[in-house]
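Notes for the one structure printed next.
The values are calculated or read from the model by the stated rules, or taken from the named source; none is laboratory data. Worth saying up front: this structure is predicted, and the values here are computed from it rather than measured. So basically every Cβ, Gly included, is an ideal-geometry build from the backbone, and we count neighbours across all protein chains shown.
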Amino acid sequence: MPIRILIADDHAVVRSGLRAILGSDPDLEIVGEAEDGTQTLDMVERLHPDVVLLDITMPPEDGITTAKRLKEAHPEVIVLFLTMHEDESLLHEALQAGASGYVIKRAAESEIIDAIHAVRRGDIYVHPSMTRALLHQPVTSLHRRSLPAIELTRRELDVLRLLAKGNTNRQIAELLGLSTRTVENHRANLMGKLCLTSRVELVEYAEEHELI
């Protein structure tokens, strides 16, 4: 079955362009278009898409707020942000809101399609220009202990456990049937969500939360 997608962006020309791009993949189906947060939530309720391709800057509320409300009401729906903002703080907010991906609008058309397929498989997709930003946020031991493992997806927990056991990215990719790049994205995403800066801190987090 094709992946059912709802496009949410307040610019008609962007929605039209995305429809043309995604229409080139027979495994993708556009089920609707929304121009603001309120309409997005209403259409999700009616159309039950698999993936919501969501902009951050939209009226009457921003995409981050919309994502939080959407995930609270429909946790099974995947949120993939497509935005012009290459901002580290917004990336962190997007992931904390429950998004499974963050793609920059200047990305190649093929990357947008790849991102949709990745998040539908249960992977995390972060635009390459943003993954390095995930590694730069400072952390304190107290803050690290206060972050619950429940915030992580099943796949993130799998990667975290294997990292904590000493596996390399390549070994994890082989064990989980993923690409090395996808594992690297998961690792960067883990560091961003948990505000960690090194593998040592990932291991400490896993030990503190009895994940290994």
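No other residue among ILE113, ILE56 is part of a loop (DSSP other than H, G, I, E, B) and modelled with pLDDT of 90 or more apart from ILE56. Is it fair to say ALA34 is small (Gly, Ala, Ser) and buried (at least 17 other Cβ atoms within 10 Å of the Cβ)? In short, yes. For the range 196-212, a residue qualifies if it is part of a loop (DSSP other than H, G, I, E, B) and either surrounded by fewer than 18 Cβ atoms within 10 Å (Cβ to Cβ) or modelled with pLDDT of 80 or more (or both), and the qualifying residues are THR197, SER198, HIS209, GLU210, LEU211, ILE212.
When the criteria are applied in full, GLY122 meets the requirement of being assigned to a loop (DSSP other than H, G, I, E, B) and either assigned by TED's automatic domain parsing to the domain that holds ARG154 or closer than 26 Å to MET1 by Cβ (or both).
So, in the range 172-195, of the ones that are of a type in the set (Val, Ile, Thr) and surrounded by 20 or more Cβ atoms within 10 Å (Cβ to Cβ), which residue ends up nearest to HIS117 (Cα to Cα)? Break it down stepwise before answering.
First, pick out the residues of the range 172-195 that are of a type in the set (Val, Ile, Thr): 172, 180, 182-183.
Checking the rest, the ones that are also surrounded by 20 or more Cβ atoms within 10 Å (Cβ to Cβ) come to 172, 182-183.
Numbers: ILE172: 20, THR182: 12, VAL183: 15 Å.
Among them, the one singled out is THR182.
Suppose we keep only residues that are crowded, with 17+ Cβ neighbours inside 10 Å and touching a residue at least 40 places away in the same chain (Cβ under 8 Å) within the range 158-171. Which one would you say is farthest from VAL103 (Cα to Cα)? Looking at residues that are crowded, with 17+ Cβ neighbours inside 10 Å and touching a residue at least 40 places away in the same chain (Cβ under 8 Å), I get ALA164. Give the range 38-64 a look and list any residue that's farther than 19 Å from ARG19 by Cα and surrounded by 15 or more Cβ atoms within 10 Å (Cβ to Cβ), or say none. Hits for the range 38-64 are THR38, LEU41, GLU61, ASP62, GLY63, ILE64.
Being outside any helix (DSSP H, G or I) and either in the same structural domain as THR153 (by TED's automatic domain parsing) or of a type in the set (Ser, Thr, Tyr) (or both) is the filter here, so list the residues in the range 60-102 that pass it.
Residues satisfying the conditions are THR83, SER100, TYR102.
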